[in-house]
Amino acid sequence: MCAIVGIYGNDNAARLASIALFAMQHRGQEATGISSSNNGKIHTIKNRGLVSEVFDDDALRVLKGNMAIGHNRYSTAGGDSILDAQPVFAKYKLGEMSIVHNGNLINKDEVREELTNNGAIFQTGMDTENLIHLIAKSSKDRLRDRIKEALNKTIGAYCFIVQSRSKQFVIRDRYGIRPLSLGKIKSGGYIIASETCAFDLVDAEFIRDVRPGEMLVFAEGHDEPESIQLFEPEFRPCAFEYVYFARPDSEIDGKNVYKTRENMGRTLAKNDLNRDFKVDMVVPVPDSGVPAALGYAEESKIPFKYGIIRNHYVGRTFIEPTQEMRNLKVRMKLSPMNSLIKGKSLLVIDDSIVRGTTSKRIVKMLKDAGAKEVHFRVASPEIKFPCYYGIDTPNQEELISHKMTKDEICEYIQADSLEYLSIEDLKNSIGADRNYALESFDGDYFVTK
Ligand code: AMP
């Protein structure tokens, strides 16, 4: 869970990169960084904090040049060192390079062990640093061949942008697990970004998604990026991008995220048609449950109401290290609309249940505020397995659906009823025209090469 951006061929490259990162702030709030290339030198600024805090005018003035890459880092418990911010920069035999990465390399420990056994030293715990070493150690003459060689030893879900002093190399893994799109900037040059929501802010036109297994090369003297199919594609985009992670206005691999979420809500409503209960209103858990709740309300003709108000100034609850802190943060973040819900029966929708902290807290909060009944609906299937392909999930013991059945969870969160989408429902809601990465729901860890 991170955002990456590359800008090539625009004199305002670093500024545009910072704007794109700002649009993708939801993909990571812990740290941010940009490397620009100018006159044969790469400059990097990275720090902990939000894009708007790190990239003020002074910082952007330093980052000259017509190409830049950038990154937003998502916190994972424990790994919040500034050293783990990206881009990762290195000098090596062919000159200088800088790399940004979104995803997770599943063979990182084996590769690192081999590298350290051969004397390599590392500054960070990041899998991205492995790639730098593999590229630097390669004996090939051209950077593109070194990257290819390094990727042959790299297994996992990844989108990389490697920037040299004059070129950019963009690579998406053969499964296309994490999203990556290409756009043309109206004021000149190209943009590569994790999500298309970044294109609108920099005034860029969407061209196409980077293909699974494809490398794009941006180089001087070429009007268009060169495309090289590095690996045979086996497309399996991540379903969780549609469920939770991406911004609703992004088009991920040709599908509008908002519409897929609305479909998920409609499907929940259709599944409820023959169930015997009556509610007065559909209430989203803001913000992630809103599109699904709208879909549910439209399909069921039950009124949609903002029965829960979100305080936008509270940080993420999900990654707080202790259960007490997570409970407190949920309380600070979400408040009931007392006058609206008192004495009423509610159909509450959230996008997912992971540990069960949020849902339990919400049901209690609504009942304390006088709600008569709370029927909880989840716009995704039960999360039973941790994700190793780039979404931050806790270990399996913490996943409530690993430990409890649906009925037990319903009792645990004190809801009057609880329903999820089935895996089939989820696939159909996003679009049954392709396979998805669904490992959090079905445990199919398909990435093998
Ligand atoms: P939990 O309280 O652990 O059950 O987490 C569920 C809540 O966290 C839901 O409201 C989701 O919108 C949100 N959520 C789900 N997955 C993630 C994730 N990987 N990172 C941050 N938040 C998440």
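The values are calculated or read from the model by the stated rules, or taken from the named source; none is laboratory data. Values in this document were obtained by computation on a predicted structure and should not be read as measured data. Glycine gets a Cβ as well: all are built from the backbone with ideal geometry, and neighbour counts include every protein chain shown. Please note that ligands, DNA and RNA were not included when accessible areas were found on the heavy atoms of the full protein model with its side chains. Shrake-Rupley method; radii C 1.70, N 1.55, O 1.52, S 1.80 Å.
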As straight-line cross-link partners of K367, the qualifying lysines (C-alpha separation under 23 Å, not fewer than 8 residues apart within one chain) are K278, K305, K329, K333, K342, K344, K406
GNM on the chain, Cα springs under 10 Å; top mean-square fluctuation among G33, G307, G343 goes to G343
Short to long, in 5 Å steps from zero, the percent of alpha-carbon pairs of segment 1-142 per bin is 2, 11, 19, 22, 19, 15, 8, 4, 0
Surrounding charge for F218, neighbours by C-beta under 11 angstrom, Lys/Arg +1, Asp/Glu -1, total -3
Check: C-alpha center segment 351-395 vs C-alpha center segment 3-42, spacing in Å is 34
Taking only the alpha-carbon atoms of the chain, the convex hull volume per residue, in cubic angstrom, is 138
Between the residues N435, V51, V363, the Cα farthest towards the positive end of the dipole of the chain, that dipole coming from +1 and -1 charges on the beta-carbon of Lys, Arg, Asp and Glu, is from V51
Under a Gaussian network model of the chain whose springs join Cα atoms within less than 10 Å, the largest fluctuation of D433, D350, D84 belongs to D433
The set of residues whose placed amide H lies less than 5 Å from the amide H of V279, leaving out same-chain residues fewer than 5 positions away, is none
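Can you give me the % of accessible surface on segment 3-235 that is carbon or sulfur? Probe 1.4 Å, all protein chains present, nothing else counted.
About 46 percent, which is the carbon plus sulfur part of the accessible surface.
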Listed by chain and number, the lysines with an alpha carbon less than 17 angstrom from that of K153, same-chain partners under 8 positions apart left out, are K108, K137, K140, K449
Summing +1 per Lys or Arg and -1 per Asp or Glu among the other residues with Cβ less than 13 Å from N338's Cβ gives +3
Cross-link reach from K184 to lysines, straight Cα distance under 19 Å and at least 8 residues apart if same chain, gives K167
The local net charge around I69, scoring Lys/Arg +1 and Asp/Glu -1 for residues other than I69 whose Cβ lies under 14 Å from its Cβ, equals +4
Toy charge model, Lys and Arg Cβ at +1, Asp and Glu Cβ at -1: the chain dipole around Cα centroid in debye, rounded to 20, equals 600
So, relative contact order of segment 3-235 in percent, Cα under 8 Å, 6 or more apart, is 21
The chain: relative contact order from alpha carbon pairs under 8 Å, six or more residues apart, as a whole percent, is 13
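Provide the per residue accessible area, probe 1.4 Å, for the chain, rounded to a whole number of square angstrom.
Working: 18730 Å² over 449 residues.
Accessible area per residue: 42 Å².
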Listed residues T116, T44, T357; largest mean-square fluctuation, Gaussian network over the chain with Cα springs below 10 Å, found at T116
Hydrodynamic calc, segment 133-258: Kirkwood Rh from Cα pairs, then Stokes-Einstein at 4 °C with viscosity 1.567 mPa s, so D in µm² s⁻¹ is 85
